[in-house]
Amino acid sequence: MRAMPKKQKKPAKFKFMPFSDQQRRLIHWWRPAVKTSENNYLIADGSIRSGKTIACIIGFLTWSQEMHSGEAFILAGKTMGALKKNVVRPMLQILESWGWPYTYIRSGTDARIEIGTNTYYLFGANTEAAQDALQGLTAAGAYADEAALFPKSFIDQMVARCSVDGWKIWMNCNPAGPHHYICEEYLNPEEMKRKKVYHLHFTMDDNLSISAKRKEEYKNAWPHGSVFYKRFILGLWVAADGLIYQQFADNVSDYLITEDWLKENEIVYATIGVDFGGTKSAHSFTLTGFTRGYKQIVVLDEYYCKKRINPKQLQDDFIDFVRRAQRKFRVYEAYCDSAEQTLIAGLEMACAEARVGIDIKNAIKGPINDRIAFYNSIIAQNRWKVMAHCTNIITAFEQAVYDDKKVNMDVRLDDGLMNVDSLDSTEYSTESIQEDILYVAA
């Protein structure tokens, strides 16, 4: 007997809060009676937690439903996962509150939401190849969430797909560098006039649902004066230059601890990050521990070897490192540079033969700047500590800089002399839970 498909659980209804003047402008800019409706593009930029995403979703929904019938629309996010979390989930909650019927086809190559006679196709835009999924589509409009994180090729293809009369493109984002293509091609005064771009800048004061206390906590999540503070809090399109971890470099001793600190602060569990060396780089292991509730993230131990060693020596050194770690802490997982599958397989086999219980996984290896923003945040919150004997990691964080030959590209200098290996292994050790850690802070 054929099993009946499971009925999709309805999302909770959205709880609407009062809208600020800026949010109302974003929601209603397209209405024919308003002069701003003459524009083809809407770009809402500014700080995090400023209320621009919810206003964008509401405006995009009402515009597409009131101005179009029987058309296709593009809904795009940095990744499909980010799109579903940041846009689709609140969108469905809003539809539930409004009582608008819809059908959500959540998986497959044709993921979409059907509302009335309109269809909203879902796309992730995390690679240059992502634009290929748009080809052949004729759309009446598009909504790009976190648009500054998209490849330019995707935005260009998205624009090309919108050819139905009355089309409009909605984009929201946190700022990047001043030479980012969105800043240069859409927010330049001449381009704004030529392309008909309506620009709305948001700050946290435009979100009436956030308390003054919470705003202050967000403002303290990154070092004041840092590129992340300027972009995420002030909402400015500014360049990244100089020292990456300025606050750490200026106050190194404030972050160093010894065994005495560990006696007073329980490490609940720890993970290992592994970066494999090459011709000019080093093998690096980082053991990172976490206190209860992720209140403190602590570098407990390190391994660093820049000389050439054979795979057997690397395996032996890794086993020694894991055993040393497990004698003192609960250590169950190691996250390794996924580019070196042969070396990972060797570690797995060696650990099995030595009866060392450790789950060896591929590191996520997400965008480096996401990892940089994470460490800048926990450093600013005084939630990151380093055992004083981990000198390679200390030096790596103290000296890390942006590449001054790649101005406005937010690229970390990797010239064969800088120790990016310790940075990578440390980042791999926390990357799988960095969103959880930051969420706890929120």
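The values are calculated or read from the model by the stated rules, or taken from the named source; none is laboratory data. Here the structure is a predicted model, which means the values were calculated and not measured. We place every Cβ from the backbone using ideal geometry, glycine too, and count neighbours over all the protein chains shown.
Couple of notes before you dig in:
- Given (1) of a type in the set (D, E, K, R); (2) touching a strand residue (DSSP E or B) at 6+ places or on another chain (Cβ under 8 Å); (3) modelled with pLDDT under 95; (4) within 30 Å of Asn369 (Cα to Cα), index of the condition Asp110 fails: (4)
- Only residues that are touching a residue at least 24 places away in the same chain (Cβ under 8 Å), hydrophobic (A, V, I, L, M, F, W, C) and over 18 Å from Arg161 (Cα atoms) were counted in segment 69-99, giving 9.
- Only listed residue being surrounded by 21 or more Cβ atoms within 10 Å (Cβ to Cβ) and either in the same structural domain as Ile394 (by TED's automatic domain parsing) or not hydrophobic (A, V, I, L, M, F, W, C) (or both), chosen from Thr258, Thr271: Thr271
- Only residues that are more than 19 Å from the chain's Cα centre (by Cα) and of a type in the set (Gly, Ala, Ser) were counted across segment 389-442, and they come to 4.
- Strands (runs of 3 or more DSSP E) within segment 126-218 that include 3 or more residues crowded, with 22+ Cβ neighbours inside 10 Å and on the phi < 0 side of the Ramachandran plot: 141-145, 168-173
- Residue in segment 164-175 that is among the β-branched types (Val, Ile, Thr) and out of contact with any strand residue (DSSP E or B) (no Cβ under 8 Å at 6 or more places or on another chain) present: no
- Residue in segment 359-381 that is farther than 16 Å from Gln246 by Cα, more than 21 Å from the chain's Cα centre (by Cα) and modelled with pLDDT of 95 or more present: yes
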